[in-house]
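The values are calculated or read from the model by the stated rules, or taken from the named source; none is laboratory data. As the structure is a computational prediction, the values presented were derived from the model and not from experiment. Note that each Cβ is placed from the backbone with ideal geometry, even for glycine, and that neighbours are counted across all protein chains shown. With ligands, DNA and RNA removed, areas are computed over all heavy atoms of the protein, side chains included. Shrake-Rupley method; radii C 1.70, N 1.55, O 1.52, S 1.80 Å.
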Amino acid sequence: MKKIIIASLFSLGFLSGYSQQLLTLEECCNIAVENNKQGKLSDFSIQKAQLQVKNMNSNFLPKLSAVGGYLYADKDFGAELMPSVAAELNLNNTYTGGVQIEQPLFLGGKLIAAKKMAQSGLSIAGLNKDKTDSDIRFETEKVYWNVIKAKELQKVSEKYLQTVDELYRTVESYHRTGMASQNELLKVKVKVNEAKLSQKRSENAVRLAKMSLCHLMGIPLDKNVDVVNGLSSMPQSFSRNILSIENRFEYKIFSENIRLKTQEIKSVRSDFLPRVGLVAGYNYMNGVKLNGTKLISDDVFAVMLSVKIPLFHWGEGLRKIKSAKIEQQMAVVQRDELAEKIQLEVLQAVNLLDESELEVKLTESAFNEATESLRESKKNYETGMETLVNYMDTQSAWQKAWAECISAQIDYQIAKASYLKTSGLR
């Protein structure tokens, strides 16, 4: 974790020192995890749970306290101790002080249950942190690929604009020699204007995609960042491991919650079991007077063993224990329901990944065919074997096929990330 933080800070240092910095997918994810506010809240939850565990451990140790008191009374108390013998008791200015040690010996297993509950709470906090980090990385990866998609589509727009610009110059030359009509020149001009608008939109899309990435990474939106293009023309095969539901953070959290509920049952049961405690104290008292003579001015050491045995509470204990068991059973049912949902999610993710992989292959083939068709159409138009309208339609089809090919490649990368996350492999 320390290396990741250092790498993230190192990347941020470059961002501030240069006009533009190329970031890899891993760097973007690390920066996003480090700066995300939800991640910081998860860190606080872990720190809180760690303190709770320490508090529970301290309950097994003796507790030392200082005790003291002072009594002020504005009158004396008179009493007849025996016939014809009167006494006057003066409690004014009486004070005590000392130290006291308390040590629980047996609380029906409550301390052990509380300790294990605190440990489960720490485990849940850690799992929530891991889940939050995983969610942040997934969202960052999606935005990362959308930046690449926007950049690639910008290249398509630029190339298409170059193509129609070249066609416009050709038709304009034909028009000057009378080989092309004014109407044909205007049609091409419309295509040029559409291409310019498309290029402008693609530029805006790139800027917005980068701003979205900056937002997720927690850096200023106007930072001039760029990403390394890791897009390959064809999907790279990777190992698809057998689904293990236990790898999902949500499943782990529910399982830990069941263990927590088990300890809660023990904690409730302990409230209705015998309790044994030991109290030892050293005290000093001074100030009680009888007929003007001080009775107490001495110290004392005492040890007391305390035992409390619940006898009858009108069935309260049984009902509370039964209620705690019901909560545990509910947690088990919720986990089983989650397991079924996870299986459905993974099946959907697998189907989407297979479909995306096939779509990449089909769009790649369609783009190659569109490229060849464009080459042939250009050749035929220049030799007068094809109309201008058909040639422009071929150009549009080529642009569309290229854009669809890029979109399919990006969709595959996102589907792959979704599969890995859904399967608990990332």
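Just a few scattered comments:
- P(r) tail fraction, region 142-201 - alpha-carbon pairs more than 15 Å apart, %: 56 percent
- Cut-off 20 Å, label 7 Å out along Cα→Cβ of D135, residues of region 334-359 by amide N: 334-346, 349
- Exposed chymotrypsin sites (Phe, Trp or Tyr not before Pro) absent: longest stretch of the chain, with sites in DSSP loops and at most 13 other Cβ within 10 Å deemed exposed: 73-237
- Helix 2-17 and the longest principal axis of the C-alpha atoms of the chain enclose an angle of approximately 50°.
- Accessible area in square angstrom per residue, the chain, 1.4 angstrom probe: 59 Å²
- Most mobile listed residue (G108, G277, G97) in the chain, GNM with C-alpha springs under 10 Å: G97
- The figure for I46 is an accessible area of roughly 40 square angstrom, using a 1.4 Å probe on the protein chains alone.
- Sulfur and carbon atoms: percent of accessible area, the chain [1.4 Å]: 57 percent
- Separation in nanometres of the label points that stand 7 Å from Cα toward Cβ, at L91 and N229: 9.2 nm
- Nearest 10 degrees, 0 to 90: helix 249-270 Cα axis against the chain principal axis: 10 degrees
- For the chain, the longest principal axis of the C-alpha atoms and the axis of helix 37-58 are separated by about 20°.
- Stretch gain in nm, segment T383-Q348, where the contour uses 0.36 nm per residue and the Cα spacing is subtracted: 7.5 nm
- Each residue, K196 and D43, gets one label point 7 Å from its Cα in the Cβ direction; the gap between the two is 5.1 nm.
- Per-selection Kirkwood Rh - region 282-426 (Cα, Å, 1 d.p.): 24.1 Å
- Here is the P(r) of the chain: all C-alpha pair distances, binned every 20 Å from 0, give 17, 30, 23, 15, 9, 4, 1, 0 in whole percents.
- Paramagnetic label zone (point 7 Å from Cα along Cα-to-C-beta, N291; backbone N under 14 Å) in region 88-127: 88-90
- Relative contact order %, the chain, counting alpha carbon pairs below 8 Å whose residues are six or more apart: 22 percent
- Region 294-347 - Debye-derived log10 I(q)/I(0), Cα point model, q = 0.30 Å⁻¹: -1.09
- Convex hull volume of region 107-175 per residue (C-alpha atoms, cubic angstrom): 40 Å³
- Based on Cα atoms of region 367-426, Rg over Rh with Rh as the Kirkwood radius reads 1.35.
- Histogram of C-alpha separations across region 26-179, 10 Å bin width, %: 8, 14, 12, 12, 12, 10, 8, 7, 5, 4, 3, 2, 1, 1, 0
- A Gaussian network model of the chain, with springs between Cα atoms under 10 Å, assigns the largest mean-square fluctuation among L127, L161, L295 to L295.
- FRET efficiency estimate (nearest 0.05) - Cβ-Cβ, V332 to M304, R0 41 angstrom: 0.40
- Label-zone membership for region 298-322, site V99, 7 angstrom Cα→C-beta point, backbone N under 20 Å: 298-305
- Residue among R248, R176, R275 with the largest mean-square fluctuation in a Gaussian network model of the chain, springs linking Cα atoms under 10 Å: R176
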